[in-house]
Structure formats: structure tokens, C-alpha cells
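Contents: one structure, followed by commentary.
Every number here is computed from the coordinates shown, using simple stated rules; none is lab data. On a predicted model such as this, the values are computed, not experimentally measured, just so you know.
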Ligand code: SF4
């Protein structure tokens, strides 16, 4: 972390913890064990972050994460985007958010205008685990984002008793596609205290994955991955 809240781990992109807050408390979230208070996004911290990003001309993509960056209101989000826009080598703004399905009204006209007017190519990575989370209202919001020129990708967590069967995963990919979202990652559960009853074993995950691979076109197949402590990036499960 070159400045508080800014993670620079990969070539070409950097992740900014824009807030520790979120609209929900997913039971499997690592957030409750993360010291967000150390990474407050105050304006002086933001100034240091902007100077670091300015000096590192190899960074082309900035990822807003949290918590959930869309809990920032349009004013605060707009101010942050305006500062980031002053960095000429930044081209892509990626936002990780679960709000399109847990608080769909957050996708309001002000936000759509903000994301449409920025000079950045915007990528929104949603977090949707089950097709039931995408009802008509949520689908309409995703269609509005798509119409505003935003690229939509999704990441899910494989959860025992929720989506650990081929029918549920296939239905999810198809519902995502109907909502203009492409499946991106299917994550194995992080080892979070109090959530291990959601864990799916690697063998079961692989069996499931091979089953959905037979039934879905490649572009609807998310990558099955796991975060492994000490590894620099996500590990694709079929490589384990
Ligand atoms: S939406 Fe994401 S950040 Fe918020 S509680 Fe769930 S997993 Fe954690």
C-alpha cells in the first residue's frame, strides 16, 4: 500500500478502498476483519493517492472498491472521479459493487449521468450469487447501466445451500446475460470466521464446474478461482 487505502499489486492497475461502508452485511464477507479505519479516504489522503497515481504512468486502470464504493453519494463519487480524471494515463475506471441488486434505487439518474459523462471507460463488476437476485427492477437497472455505455461483469461466491448446484449456476449465467452482464469470476469462499458452513469443497466445486462447462457457451462461463494467502493473484482452481 503506497498510500493508505491504495493497493498497487498488479501491473497496470491499482485498487482504491474508497469507503469501508456497505449497504449490507453478507455473512461470508471478510470486511468485518479488515481495519478500514486505517484507510480513511480523507482529502489529504486522497491528495497523496492522486500524486502517487500521477507519478506511476504504467497505471491505466483504477479500481474503486470497499466496502461498496456506490454507498458514496453522487457528489462525493463525482469529486473523486474528477480528481482521478486529472491523471492523463488513467483510462479505465472499474467499480466493484453489489448495490445494483441490494439497493437498486442507488442506480439513479444522477449516477448514470456521472458515469456517462466521465472520460473513463467504465467497468462495473457486480456481485450477484443467485438468479433470484435479478428480478425485473434489478434487471432494468442493469439495462440502464448498459445503455449508459458501462461494461458489466459479475463475480459470485460459491455458497453451500445457495448456489452449489449446476442448475442454479447455469440459471445465474443466463439471467446475467439477459441483464447485459457477463460472468467473470466464481470465487471459492474466503476462510471467514463464522461462515464456513457455506464452504464447498474443491472436489465438489470442480465437479460442478465441469458440469456447467458442458452446458454453457464459453462466454457465459465464469473463472473458478480462489484467493490463497501468500499468492500474488487469484488462483484458478483447475490449476490446483
Ligand atoms: S456486498 Fe461485498 S463488501 Fe458488502 S458485505 Fe457483501 S461481500 Fe462485503
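In whole Å and largest first, what semi-axes does the C-alpha gyration tensor of segment 152-229 yield when each eigenvalue is scaled by 5 and square-rooted? Numbers along the way, then the final one.
Values: eigenvalues 88, 36, 25 Å².
The three semi-axes for segment 152-229 are 21, 13, 11 Å.
A Cα-only calculation for segment 75-146 places Rg and Dmax at 13.1, 41 Å.
Below 8 Å, C-alpha to C-alpha, sequence gap of six or more: please give me the relative contact order for the chain in percent.
Details: 407 pairs, mean separation 36.6, N = 240.
Over the chain, the number comes to 15 percent.
Between 0 and 90 degrees, the angle of helix 136-147 with respect to the longest Cα principal axis of the chain falls at about 50 degrees. Take every Cα-Cα distance within segment 42-178, group them into 10 Å bins from 0 onward, and report for each bin the whole-number percent of pairs it holds. Pairs per bin, as whole percents: 11, 40, 30, 15, 4. Here the chain is described by how far its Cα atoms reach on the three principal axes: 48, 39, 30 Å, from widest to narrowest. Helix 74-85 axis versus longest C-alpha principal axis of the chain: approximately 70°, rounded to the nearest ten.
Once Rg and the Kirkwood radius are both taken over the C-alpha atoms of segment 1-116, their ratio Rg/Rh works out to 0.95. Counting only DSSP H runs of at least 4 residues, each contributing -39500 (n - 2.57), and dividing by the residue count of the chain, the helix-based mean residue ellipticity at 222 nm comes to -9500 deg cm²/dmol. Pair-distance distribution P(r) for segment 41-101, from all Cα-Cα distances in 5 Å bins starting at 0: 4, 17, 27, 27, 17, 6, 2, 0 percent.
If I take every Cα pair under 8 Å that is 6 or more residues apart in segment 1-134, average their sequence separation and divide by the length, what percent do I get for the relative contact order? Spell out each step's value before the answer.
Values: 199 pairs, mean separation 34.0, N = 134.
Computed over segment 1-134, the figure is 25 percent.
Can you check what the Kirkwood hydrodynamic radius comes to for segment 99-240, Cα pairs only, in Å to one decimal? By the Kirkwood definition, the hydrodynamic radius is 16.0 Å.
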